[in-house]
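See below for the structure under consideration.
The values are calculated or read from the model by the stated rules, or taken from the named source; none is laboratory data. Computed from a predicted model, the values in this text were never measured in an experiment. A quick note on method: Cβ atoms are made from the backbone with ideal geometry, for glycine too, and the neighbour counts reach across all protein chains shown.
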Amino acid sequence: MHAKRLARIAFGAVVCISAAVAGEPDKPAVGGPVGPYSLASVTFEYTESGGSGTGPTITTVRGDGTGSRVSHPGFDRVESNEFAVEPKQVFKLLDLCYRKGFFDLNDRYGPPNWPRLRPDGMIDVMGTIIADGGGRAVTVRVGNYSKSVGYAEPGGDPPIVVLELVRRIGELPSRTAPK
């Protein structure tokens, strides 16, 4: 009798744990888009914007095997090139996002703000502004789902996964043959 009771308790615990892990069917246990979805619906975009009169550089890679880099090296110049990307490389970027928690990160990373108490008792929230500083952002799109993580440069101190995505996306145009 005691063994049957223990078996029922153990079974009930397994059912409760399974239900807790499964969660709601439309919400993933880990952040990110819920599958299944097509690799062709996946897009990575790395935006690099800086001061000193230069416009943004946007590198885009897509699960359909295409990529592009558009840069604005001056106020009136635009440079653009297209390139081929192996879909497996796009999948590896996506895999990195899931494994390293990209979808659960904050939306922005930058120098921290701090409070300052004025003589009249009011509090100002102070921040750091870097002249000619730039910003960087990595955006992942899967169908209608989108997650962006941005950071200030210098001083943004983003998580390692963001820097690794930036490195890998930045290398793709130089590694692949022109389309």
Keeping to region 128-179, report how many residues are β-branched (Val, Ile, Thr) and modelled with pLDDT under 90. 4
For region 100-123, give me the residue count where each residue is charged (D, E, K, R) and under 16 Å from Arg167 (Cβ atoms). 1
